[in-house]
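K.L.:
Structure provided below as structure tokens; questions to follow.
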Amino acid sequence: MKKLINDPKNVVTEAVEGFAAAHADIVRASADPLFLVRTDAPSDKVGIISGGGSGHEPLHGGFVGYGMLDAAVPGAVFTSPTPDPIVAATTAVDGGRGVLHIVKNYTGDVLNFETAADLAAAEGVDVRTVIVNDDVAVQDSLYTAGRRGVAGTVLVEKIAGAAAQRGDSLDDVTAVAEKVNAQVRSMGVALTPCVVPHAGEPSFHLEDDEIEIGIGIHGEPGREKIKLQPADAIVERLLGPIIDDIPFASGDRVLLLVNGMGGTPQVELFIAYRHAARVLADRGIEVTRSLVGNYTTSLEMQGMSLSVLKLDDELTELWDAPVQTAALRWGR
Amino acid sequence: MKKLINDPKNVVTEAVEGFAAAHADIVRASADPLFLVRTDAPSDKVGIISGGGSGHEPLHGGFVGYGMLDAAVPGAVFTSPTPDPIVAATTAVDGGRGVLHIVKNYTGDVLNFETAADLAAAEGVDVRTVIVNDDVAVQDSLYTAGRRGVAGTVLVEKIAGAAAQRGDSLDDVTAVAEKVNAQVRSMGVALTPCVVPHAGEPSFHLEDDEIEIGIGIHGEPGREKIKLQPADAIVERLLGPIIDDIPFASGDRVLLLVNGMGGTPQVELFIAYRHAARVLADRGIEVTRSLVGNYTTSLEMQGMSLSVLKLDDELTELWDAPVQTAALRWGR
Amino acid sequence: MTLGTEWATDWVRASAAVIAENRVELITLDREIGDGDHGENMDRGFSAVLAKLDGLADDAIPADVLKLVATTLISTVGGASGPLFGTAYLKAAGAVAGRAELDGASVAAILRAARDGIVLRGKAEAGDKTMIDAWNPAVEAADAAHANGASELEILEAAATAAAEGAASTEPLIARKGRASYLGERAIGHRDPGAQSTLLLLRAAADSARNAASE
Amino acid sequence: MTLGTEWATDWVRASAAVIAENRVELITLDREIGDGDHGENMDRGFSAVLAKLDGLADDAIPADVLKLVATTLISTVGGASGPLFGTAYLKAAGAVAGRAELDGASVAAILRAARDGIVLRGKAEAGDKTMIDAWNPAVEAADAAHANGASELEILEAAATAAAEGAASTEPLIARKGRASYLGERAIGHRDPGAQSTLLLLRAAADSARNAASE
Ligand SMILES: Nc1ncnc2c1ncn2[C@@H]1O[C@H](COP(=O)(O)OP(=O)(O)O)[C@@H](O)[C@H]1O
Ligand SMILES: Nc1ncnc2c1ncn2[C@@H]1O[C@H](COP(=O)(O)OP(=O)(O)O)[C@@H](O)[C@H]1O
Ligand SMILES: [Mg+2]
Ligand SMILES: [Mg+2]
Ligand SMILES: [Mg+2]
Ligand SMILES: [Mg+2]
């Protein structure tokens, strides 16, 4: 394992410290319990919080700031945070209009946020929770822990954040977050595994000519290994289940997110974007908004996920609204 | 070699196509000869162009847009572009006030831009050239091709771009670009090599416990291999030669850039930032501006470079000025 | 011979030791069908518990120890196992509230309450390939031993033995809860890490009782 | 027997073939002390030249062929080698402007002009571990052979043999120009890729002359 780290036990705290120092104009860090919060929180708007295991940066700390999250709660690498920092972050951002928890659908995240929400409610905070579960790689949710929350989370956070920023009520912010979750679908592929610092070994094994389809974002293996294929074929393999699921139909306007898993060169993401946009166009689906880059990563994993979000005027307007975070910024 | 590509020969053209499609609001692509240009070029300001081998994305295409570059000319992977597209880009952005070429100091880039500048001048364009050479890993420039241009290039492009955007003359834009180059120093480290698509094999070999100090951005080996060390020790090893070179001194205000080589997880970059900022503070050097992320990459290489730029009021103001590109955006 | 606070604190120490010893094995199990952090999570949690043990009041009863474990696991482990084991110890503490000495009925009640707490939070059923597949047989074996008049030590021995079989029984299963459920058939042949840590904790409980008996 | 346009076009074809054959070797050499693209660059350039060869006018003279090579390399190769080899062929064309048939003096002049063009652009000196270390001895050998009254074929043979020695002579050197200069002592033991492609091109020139002679 080769990493630019000091003691594996300090990876998250040191990274959070560095992040807060580099972006002191936007966020500050609370050290114990550990969370990141907007420098200007609380404000007189609905608060929005997300969190989860570390290793997915810029998710979530990179999305704290004007028009998006008010706080982010990082757990250990690939391990959901405990309730304490979630409660602390929740009370820190509550300006009296309530707080929305955006939670990716993993047992650990759901359970810890659940406990935190109970505790925060006991302290008088009006807390709602939206569970993001956009990953179509997980089928048969009757027989599984349900679909995972993956890169679509970024879209939920941006759009809910914009709704909160314009002054929407907790009910309305929650409703729009749920709407985004209902309209976004994702699926990923890994070319290489990743190495969790405290584990020191790769999360799974792939031969030199193998790729893993349907991976999650925690270095967990996917549903199937297949032989390496040209990028265009891989794009079609991911996009098919995404399109068929909602299903997306001719005439839809969509946002297309090509998300790098952390170690993928940018040229490869744009090669994938190029073909994904064409496949959608061929089906009469118009890509009206795009996002390409490392937004929901798995440490140094090479690979990507595709996400497609069905847009309408409201979602488009909220997407376009100003945002000022470390990782997503426009309009100010 | 595992890459999300189709034919290795089409990597650059397909990536440029995808990039232009994803960022159609900012850039458009010319296919033959291949270059990227602002949708609103030419304008009535001094034009600014950069270019070089592909594989360093977001450099340079990701920096085309308001307040930064007017065009970018991508060569084959790690190969400087030929004069033709440079000439075409130069004439495309010339609004009558002349064009600045920002060129990284590599024999190939220098020679091809030199030829292009001659040809463009012959077509009546007033062309100036600034050669960026910020890499302190290269010593004894008497006995080498001279210092390489590495991540400091981004800072030259941003600040010169802001000067051009506010209406400065070609002389003044050139002067400020030269000033940035004179005041920025960089040095990099690789934990892993990278694989050029058409080569199919790693650019150098490192044992599991080895890192390469002083690497360039073209997958070329560095000056020395050393044993893997804690991040803080590596940071000190890079920062020492940087500080001693200008030298930076107590009381200086600086911009600190921690640049990922493409495959480095974000947590690692922030761990490095944390310690770099402390080392500078211990020397009385104040970090007043920061940039952390993948800005000048070597495909999927894991590693980073540190750059330190001495700031004054003028450079700070130009750094803070609005910019709207795919990879760097604030203020609009 | 009933079990008192000393047994409870011994159990904590033994748990912390056995989890630390098996940290890498638990990580490896979790890497195969999960995300590779289970050993690290449990080790972080029990190290934290260990560090707090000295802070217990002199007149602490077993329920106080169990509650300390519960709150510390909840606030340091994270992941799925933090809230699940945390709830388990919390419910276990509730089952023996106020009792300074635990008899066979109390020991069996601890295990049952712990299991029920996990089911309450995690909604797993038998055969879902989770820690519940170790807890269920452990609770049944403890109840059966208690019904047969077994000693506290014998009850815990029975539970630990059954938990070991239960943990092994997860190997051929497809998972329906937790991260392993995303793998479908590829989870077959791998042991559930949470079931493995359950057996380690219950074995530590029995070993601590044996030490108490032999003193 | 002088050399005409047919020799020149044969040389281009032979160059393209030998560069394609040695593409991987040139990449490997460049990966060791450069950035691993030299074989790809040269192959891209000469494939492009080859594709344009049929477009030559019927009355083309050798200088036209050399100029086609020059402009095509400049506009397709990029990197350091594109402008350097491009300038070499451009200056070579200039040295034999207007001549339909090339005698020994012309052949020697081509090589000298090419070398001088590379020095003009790249400023490399002997011993800098660049292509110049193959060109310099080639030019000297050609001049010496010509002074001794050698035939065109013999001049090119002498140049090719000297270039081969020159390319080999780069192996023990530390580089002072090009990317290899960043490596310091670590460049020792590796052959300069541009010197290697120089020898391949000059060998192709001699081989084409031999074929012309044997027809
Ligand atoms: N719904 C559930 N009910 C009971 N146990 C569960 C459930 N989900 C997961 N587990 C247990 O949690 C263990 C994984 O814990 P851990 O790796 O620490 O957390 P995470 O899965 O969040 O990384 C699994 O091996 C399994 O025994
Ligand atoms: N200044 C120079 N003068 C002469 N030859 C040079 C000079 N710099 C580089 N070269 C030659 O160019 C070759 C490398 O070419 P190539 O790999 O195609 O370009 P790049 O170095 O830009 O990747 C070297 O092997 C060397 O022979
Ligand atoms: Mg986990
Ligand atoms: Mg090159
Ligand atoms: Mg786990
Ligand atoms: Mg090269």
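The values are calculated or read from the model by the stated rules, or taken from the named source; none is laboratory data. Just so we're clear, the structure is a prediction, and the values are computed from it rather than from any experiment. Because the Cβ atoms are built from the backbone with ideal geometry, glycine has one as well, and the counts that use them run over all protein chains shown.
K.L.:
D:A16 is checked against (1) more than 16 Å from ligand 6 (Cβ to nearest atom); (2) in contact (Cβ under 8 Å) with a residue 60 or more places away in the chain; (3) crowded, with 19+ Cβ neighbours inside 10 Å and fails just one. What number does that condition carry?
P.N.:
The one condition D:A16 does not meet is (2).
K.L.:
Now for a separate question. Taking the residues in the range A:142-167 that are part of a loop (DSSP other than H, G, I, E, B) and of a type outside the set (V, I, T) as candidates, determine which candidate is nearest to the other protein chains (Cβ to nearest Cβ).
P.N.:
Residues of the range A:142-167 part of a loop (DSSP other than H, G, I, E, B): A:144-151, A:166-167.
So of that shortlist, the ones also of a type outside the set (V, I, T) come out as A:145-149, A:151, A:166-167.
Details: A:A145: 5, A:G146: 9, A:R147: 9, A:R148: 7, A:G149: 12, A:A151: 15, A:R166: 19, A:G167: 23 Å.
That would be A:A145.
K.L.:
Considering the range C:23-61 alone, what residues qualify as being more than 14 Å from every other protein chain (Cβ to nearest Cβ) and of a type outside the set (A, V, I, L, M, F, W, C)?
P.N.:
Within the range C:23-61, C:K52, C:D54, C:G55, C:D58, C:D59 meet the criteria.
K.L.:
Under the condition of being surrounded by fewer than 21 Cβ atoms within 10 Å (Cβ to Cβ) and under 24 Å from C:E101 (Cβ atoms), which residue from the range C:62-81 is nearest to the other protein chains (Cβ to nearest Cβ)?
P.N.:
Among those that are surrounded by fewer than 21 Cβ atoms within 10 Å (Cβ to Cβ) and under 24 Å from C:E101 (Cβ atoms), it is C:T71.
K.L.:
When the range B:113-140 is examined, which residues are found to be at the interface with chain D (Cβ under 10 Å from one of its Cβ atoms) and of a type in the set (S, T, N, Q)?
P.N.:
B:T115, B:Q139
K.L.:
Output yes when any residue across the range A:14-22 is outside any helix (DSSP H, G or I), free of Cβ contacts under 8 Å to residues at least 24 places away in the same chain and farther than 18 Å from A:T297 by Cβ, and no when none is. Walk me through it before giving the result.
P.N.:
First pass over the range A:14-22, keeping only residues outside any helix (DSSP H, G or I): none.
No, every residue in the range A:14-22 fails to be outside any helix (DSSP H, G or I), free of Cβ contacts under 8 Å to residues at least 24 places away in the same chain and farther than 18 Å from A:T297 by Cβ.
K.L.:
Can you tell which of C:A164, C:A126, C:A144, C:A105 is assigned to a loop (DSSP other than H, G, I, E, B) and surrounded by fewer than 21 Cβ atoms within 10 Å (Cβ to Cβ)?
P.N.:
Going through C:A164, C:A126, C:A144, C:A105 in turn, just one is assigned to a loop (DSSP other than H, G, I, E, B) and surrounded by fewer than 21 Cβ atoms within 10 Å (Cβ to Cβ): C:A126.
K.L.:
Considering only residues that are part of a helix (DSSP H, G or I) and in contact with a Ser or Thr (Cβ under 8 Å, 6 or more places away or on another chain), which ones fall in the range D:14-34?
P.N.:
Passing the criteria: D:A14, D:A16, D:I19, D:A20, D:L26, D:R31.
K.L.:
Assess whether C:T5 counts as being more than 16 Å from ligand 2 (Cβ to nearest atom), of a type outside the set (A, V, I, L, M), closer than 18 Å to C:L156 by Cβ and without any contact (Cβ under 8 Å) to a residue 60 or more places away in the chain.
P.N.:
Numbers: more than 16 Å from ligand 2 (Cβ to nearest atom): yes; of a type outside the set (A, V, I, L, M): yes; closer than 18 Å to C:L156 by Cβ: yes; without any contact (Cβ under 8 Å) to a residue 60 or more places away in the chain: no.
It is false that C:T5 is more than 16 Å from ligand 2 (Cβ to nearest atom), of a type outside the set (A, V, I, L, M), closer than 18 Å to C:L156 by Cβ and without any contact (Cβ under 8 Å) to a residue 60 or more places away in the chain.
K.L.:
Confirm whether B:E57 is part of a helix (DSSP H, G or I) and either within 11 Å of another protein chain (Cβ to nearest Cβ) or under 20 Å from B:E300 (Cβ atoms) (or both).
P.N.:
Values: part of a helix (DSSP H, G or I): no; either within 11 Å of another protein chain (Cβ to nearest Cβ) or under 20 Å from B:E300 (Cβ atoms) (or both): yes.
So B:E57 fails the test.
K.L.:
Same structure, new question: Going by the structure shown, is C:R210 more than 16 Å from ligand 4 (Cβ to nearest atom), crowded, with 18+ Cβ neighbours inside 10 Å and touching a residue at least 24 places away in the same chain (Cβ under 8 Å)?
P.N.:
The answer is no for C:R210.
K.L.:
Another question, then. Those residues that are part of a helix (DSSP H, G or I), within 20 Å of C:A57 (Cβ to Cβ) and out of contact with any Ser or Thr (no Cβ under 8 Å at 6 or more places or on another chain), I need them from the range C:74-102; list them, please.
P.N.:
C:Y89, C:A92, C:A93, C:G94, listed by residue number.
K.L.:
Filter the range B:214-258 for residues that are under 29 Å from B:E201 (Cα atoms), crowded, with 21+ Cβ neighbours inside 10 Å and more than 10 Å from chain A (Cβ to nearest Cβ) and give the result.
P.N.:
Residues satisfying the conditions are B:G214, B:I215, B:G216, B:I217, B:H218, B:G219, B:E220, B:P221, B:G222, B:L238.
K.L.:
Further question on the same structure: Across the range D:180-204, what is the total count of residues that are of a type in the set (D, E) and at pLDDT below 95?
P.N.:
Here is the first cut: in the range D:180-204, the ones of a type in the set (D, E) are D:185, D:192.
Pick out the ones that are also at pLDDT below 95 and you get D:185.
Here the count works out to 1.
K.L.:
Any residue at all in the range A:37-54 that is closer than 29 Å to B:L191 by Cβ, facing another protein chain (nearest Cβ under 9 Å) and either of a type in the set (S, T, Y) or in contact with an Asp or Glu (Cβ under 6 Å, 6 or more places away or on another chain) (or both)?
P.N.:
The answer is yes; a qualifying residue exists.
K.L.:
Confirm whether B:F35 is surrounded by 22 or more Cβ atoms within 10 Å (Cβ to Cβ), within 16 Å of ligand 6 (Cβ to nearest atom) and touching a residue at least 12 places away in the same chain (Cβ under 8 Å).
P.N.:
no
K.L.:
Please list, ordered by first then second residue, the pairs with beta carbon atoms under 7 Å, 6 or more apart or interchain, first in the range C:181-196 and within 7 Å of chain A (Cβ to nearest Cβ), second in a helix (DSSP H, G or I) and modelled with pLDDT of 90 or more.
P.N.:
From the range C:181-196, the pairs are C:L183/C:I33.
K.L.:
Could you list all residues from the range C:51-73 that are assigned to a helix (DSSP H, G or I) and without any contact (Cβ under 8 Å) to a residue 12 or more places away in the chain?
P.N.:
Matches in the range C:51-73: C:A51 only.
K.L.:
Right, next: If I ask for residues that are out of contact with any Asp or Glu (no Cβ under 8 Å at 6 or more places or on another chain) and of a type in the set (A, V, I, L, M, F, W, C), which ones from the range D:33-44 would you list?
P.N.:
Correct list: D:M42 only.
K.L.:
Moving on to the next point. Quick one: how many residues across the range C:168-180 are more than 7 Å from every other protein chain (Cβ to nearest Cβ), part of a loop (DSSP other than H, G, I, E, B) and touching a residue at least 60 places away in the same chain (Cβ under 8 Å)?
P.N.:
Counting residues in the range C:168-180 that are more than 7 Å from every other protein chain (Cβ to nearest Cβ), part of a loop (DSSP other than H, G, I, E, B) and touching a residue at least 60 places away in the same chain (Cβ under 8 Å) gives 1.
Matching residues to (1) closer than 22 Å to C:R191 by Cα; (2) within 16 Å of ligand 5 (Cβ to nearest atom); (3) hydrophobic (A, V, I, L, M, F, W, C):
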residue	(1), (2), (3)
C:M42	yes, yes, yes
C:S47	no, no, no
C:D59	no, no, no
C:V65	no, no, yes
C:V77	yes, yes, yes
C:P83	yes, yes, no
C:A97	no, no, yes
C:E101	no, no, no
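K.L.:
For the range B:60-71, enumerate the residues that are in contact with a Pro (Cβ under 9 Å, 6 or more places away or on another chain) and within 11 Å of chain A (Cβ to nearest Cβ).
P.N.:
Within the range B:60-71, just B:G61 meets the criteria.
K.L.:
Also, quick follow-up: Could you identify the single residue in C:S75, C:S47 that is more than 12 Å from ligand 3 (Cβ to nearest atom), in contact with an Asp or Glu (Cβ under 7 Å, 6 or more places away or on another chain) and closer than 22 Å to C:A114 by Cα?
P.N.:
It is C:S75.
K.L.:
Please determine, by comparing only the residues of the range A:80-93 that are in a loop (DSSP other than H, G, I, E, B) and out of contact with any Ser or Thr (no Cβ under 8 Å at 6 or more places or on another chain), which one is farthest from ligand 5 (Cβ to nearest atom).
P.N.:
Looking at the filtered set, the residue picked out is A:P81.
K.L.:
Consider A:K9 against the criteria (1) under 22 Å from the mean Cα position of the chain (by Cα); (2) not in a loop (DSSP other than H, G, I, E, B): it satisfies all of them except one. Which criterion is unmet?
P.N.:
A:K9 satisfies all of (1) under 22 Å from the mean Cα position of the chain (by Cα); (2) not in a loop (DSSP other than H, G, I, E, B) except (1).
K.L.:
Among the numbered criteria (1) more than 20 Å from the chain's Cα centre (by Cα); (2) part of a helix (DSSP H, G or I), which one does A:G96 miss?
P.N.:
With (1) more than 20 Å from the chain's Cα centre (by Cα); (2) part of a helix (DSSP H, G or I) applied to A:G96, the lone miss is (2).
K.L.:
Pick from A:T90, A:T79: which is polar (S, T, N, Q), assigned by TED's automatic domain parsing to the domain that holds A:A175, more than 27 Å from A:P197 (Cα to Cα) and surrounded by 24 or more Cβ atoms within 10 Å (Cβ to Cβ)?
P.N.:
None of the others qualify; the one that does is A:T90.
K.L.:
Within the range B:259-286, take every residue that is β-branched (V, I, T) and more than 8 Å from chain A (Cβ to nearest Cβ) and give me the one that is nearest to A:G75 (Cα to Cα).
P.N.:
B:V279
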